[in-house]
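Heads up: the structure comes next, in structure tokens.
The values are calculated or read from the model by the stated rules, or taken from the named source; none is laboratory data. Computed from a predicted model, the values in this text were never measured in an experiment. Every residue, glycine as well, gets a Cβ built from its backbone with ideal geometry; the counts of neighbours run over all protein chains shown.
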């Protein structure tokens, strides 16, 4: 019997979380992966530098004209470029992760060309259609051929939407592996930004609901600036630009404000913080590995498992963030409880499951084409 050549799996990244979460999947694919960078994050500190830090090869293709553009331009540019590239490359599958503009553009381009789509972290739902990420998740759910759900709850969301059960698999979340591997490399030293602070709060804010409205951003920055513990604020470029636009630089001056850091640097800061304040999706998962309390500054969350397991307290716009920070500072029992709580996002074997399912999908497609 003549053996088929090795499959080709395109793996599409566009933002820092995608790089972090797909790095172990690329490793598990064992040489079949071709990396593509959409250029959605165009600051090296937020994107390209992470490839080297996580041991990834350089992308085969890096799109241009995407970073810094509005959502419609980003998606349109990516669909056009990726459709052309997939038509030339003819990969046996495309792997995308999460809910970014890159994900929905990649899934649509692959669908147009007839390339099967593997959606990693499928099935997350916030039930908030005002979130661009929610629309991206829902559209990718329609386009995907294989859904790798991180939890049983995510699987159930897909099944309720009528997705074929045979295409849905609970794999866990690959961020657990990335986080555990990075933590294993850390020594006991403090991050330079935290030296001399004593107990401190780590904060990072970047979502449009908190940065694109002056009142919302002032609420967050004011609460951080008036916290009784020092605050190390990892400043996203979007947040810095918004603070300058709204004249809120005063608050940033009262914080230990630092630019975006590498993945290991961020984990070091989070590891040693008293607790974390953030609006990030990925941080909701990472604190479950770090066993660290998180105040989530959002209207809602697509990761209810993090709330149900006790790692995350949701602080909505109707609630006082100042009061929540003060309560977290005084709640020693919260941190103690989490020391004995397991992550709800899996057992650090997700990437192997995802790679096996992906290669099974490519084998089935190649076998059918051969017949």
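Observations on the structure shown:
- Tally, over the range 291-320, of residues that are more than 20 Å from residue 121 (Cα to Cα) and out of contact with any strand residue (DSSP E or B) (no Cβ under 8 Å at 6 or more places or on another chain): 8
- Matching residues, the range 231-257, being free of Cβ contacts under 8 Å to residues at least 60 places away in the same chain and in contact with a strand residue (DSSP E or B) (Cβ under 6 Å, 6 or more places away or on another chain): 231, 232, 233, 234, 235, 255, 257
- Top-ranked residue in the range 19-30 [being over 17 Å from residue 94 (Cβ atoms) and over 15 Å from the mean Cα position of the chain (by Cα); ranked as modelled with the highest pLDDT]: 27
- Members of the range 164-187 found to be farther than 27 Å from residue 51 by Cβ and more than 23 Å from the chain's Cα centre (by Cα), listed by number: 164, 165, 166
- The conditions of being at pLDDT 95 or above, buried (at least 16 other Cβ atoms within 10 Å of the Cβ) and in the same structural domain as residue 328 (by TED's automatic domain parsing) are met by residue 205.
- Residues that are touching a residue at least 24 places away in the same chain (Cβ under 8 Å) and closer than 11 Å to residue 350 by Cα, drawn from the range 170-190: 171, 172, 173, 174, 175, 176, 177, 178
- The range 200-220 - residue that is in contact with a strand residue (DSSP E or B) (Cβ under 8 Å, 6 or more places away or on another chain) and assigned to a helix (DSSP H, G or I) and, of those, nearest to residue 300 (Cα to Cα): 210
- In the condition set (1) closer than 16 Å to residue 72 by Cα; (2) surrounded by fewer than 21 Cβ atoms within 10 Å (Cβ to Cβ); (3) over 16 Å from the mean Cα position of the chain (by Cα), residue 109 is compliant with all but (2).
For (1) assigned by TED's automatic domain parsing to the domain that holds residue 153; (2) touching a residue at least 24 places away in the same chain (Cβ under 8 Å); (3) more than 19 Å from the chain's Cα centre (by Cα); (4) surrounded by fewer than 21 Cβ atoms within 10 Å (Cβ to Cβ), each residue gets a yes or a no:
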{"position": "282", "(1), (2), (3), (4)": "no, yes, no, no"}
{"position": "292", "(1), (2), (3), (4)": "no, yes, no, no"}
{"position": "301", "(1), (2), (3), (4)": "no, yes, no, yes"}
{"position": "323", "(1), (2), (3), (4)": "no, no, yes, yes"}
{"position": "363", "(1), (2), (3), (4)": "yes, yes, yes, yes"}
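- Just one of the listed residues (56, 4) is in a loop (DSSP other than H, G, I, E, B), modelled with pLDDT under 95 and not assigned by TED's automatic domain parsing to the domain that holds residue 364, namely 4.
- Residue check for residue 197: touching a strand residue (DSSP E or B) at 6+ places or on another chain (Cβ under 9 Å) and either in a strand (DSSP E or B) or in the same structural domain as residue 300 (by TED's automatic domain parsing) (or both): yes
- Cross-chain or 6+ apart pairs with Cβ under 6 Å, the range 45-64 first and more than 17 Å from residue 25 (Cβ to Cβ), then part of a loop (DSSP other than H, G, I, E, B) and at pLDDT below 85: 47/41
- Remark: residue 96 matches the filter, which requires a residue to be under 23 Å from residue 172 (Cα atoms) and assigned by TED's automatic domain parsing to the domain that holds residue 359.
- Among the residues listed as 77, 102, the single one being in contact (Cβ under 8 Å) with a residue 40 or more places away in the chain and more than 17 Å from residue 262 (Cβ to Cβ): 102
- Verdict on residue 245 being surrounded by fewer than 18 Cβ atoms within 10 Å (Cβ to Cβ) and within 24 Å of residue 346 (Cα to Cα): no
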